[in-house]
1. Does Leu56 satisfy being of a type outside the set (Val, Ile, Thr), touching a helix residue (DSSP H, G or I) at 6+ places or on another chain (Cβ under 7 Å) and modelled with pLDDT under 85?
2. State the number of residues belonging to region 94-130 that are open to solvent by 100 Å² or more (accessible area, probe 1.4 Å) and at positive phi.
3. Could you check region 20-51 and list, in sequence order, the residues that are over 15 Å from the mean Cα position of the chain (by Cα), among the acidic types (Asp, Glu) and under 17 Å from Leu65 (Cβ atoms)?
4. Name the single residue that is modelled with the lowest pLDDT among those in region 106-158 being of a type in the set (Gly, Ala, Ser) and either in a loop (DSSP other than H, G, I, E, B) or under 23 Å from the mean Cα position of the chain (by Cα) (or both).
5. Which number in (1) part of a helix (DSSP H, G or I); (2) within 30 Å of Tyr128 (Cβ to Cβ); (3) open to solvent by less than 60 Å² (accessible area, probe 1.4 Å); (4) at pLDDT below 90 marks the one condition that Leu10 misses?
6. Scanning region 23-47 for residues that are open to solvent by 50 Å² or more (accessible area, probe 1.4 Å) and assigned to a loop (DSSP other than H, G, I, E, B), which turns out modelled with the lowest pLDDT?
7. Pairs needed: first member in region 90-105, of a type in the set (D, E, K, R); second member anywhere, modelled with pLDDT of 80 or more; C-beta distance under 7 Å; at least 6 residues apart or different chains.
8. With Arg20, Arg61 as the choices, which residue is surrounded by 16 or more Cβ atoms within 10 Å (Cβ to Cβ) and modelled with pLDDT of 90 or more?
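The values are calculated or read from the model by the stated rules, or taken from the named source; none is laboratory data. Just so it is clear, the structure is predicted and the values come from calculations on it, not from any experiment. So basically every Cβ, Gly included, is an ideal-geometry build from the backbone, and we count neighbours across all protein chains shown. Only protein heavy atoms, including side chains, enter the accessible area calculation; ligands, DNA and RNA are left aside. Shrake-Rupley method; radii C 1.70, N 1.55, O 1.52, S 1.80 Å.
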Amino acid sequence: MQHTNDIETLFRAHYPAMYRLAMLILRDNEVSRDIVHDVFESLLTSNLATVSEAYLLKAVRNRCLNHIRNLSARDRLNKLYAVDEQEIDDEEWPDDETLARINITVAKDLTENCRRVVNLRFAEGKSYKEIADFLSISEVAVYKHLRHAIDVLRQKLS
């Protein structure tokens, strides 16, 4: 499959499905595009006689999984829960009104355990391990409490 016109035909026919799959897995436009393009680039150097849609989709899936595997745990969590840096101007956010709304939401809409985890993490700056040891819970429970808190805050403040 070394002919560029054959690859161009495959690209036009299968790119949308490949890109959608990558986006479902990664939820990142640029990385998804790069992965799909890398799959087509690898076709230029391969000696495959024919390529099916199933082959292309498996190649995208495998490259996405490799990409995820190469990310650290912290990078994966930041990718899932971090607010886009471009949306926030550090000097203007959070303003006093937003902080007040966050504090009211934390006090009113979160469980006691969830509030304690949020307070230890954000007010006292403790690590997940320190919180888990202090509260005698697992680090996974800390993650779950923080995830729940972030989900509630996003829902109430959006």
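1. No; evaluated as a whole, the condition is false for this residue.
2. Summing the residues that are open to solvent by 100 Å² or more (accessible area, probe 1.4 Å) and at positive phi in region 94-130 gives 0.
3. Across region 20-51, the qualifying residues are Asp34, Asp38.
4. Here the residue is Ser158.
5. (2)
6. If we take residues in region 23-47 being open to solvent by 50 Å² or more (accessible area, probe 1.4 Å) and assigned to a loop (DSSP other than H, G, I, E, B), then Asn47 is modelled with the lowest pLDDT.
7. Arg101/Leu157
8. Sole residue among the options that is surrounded by 16 or more Cβ atoms within 10 Å (Cβ to Cβ) and modelled with pLDDT of 90 or more: Arg61.
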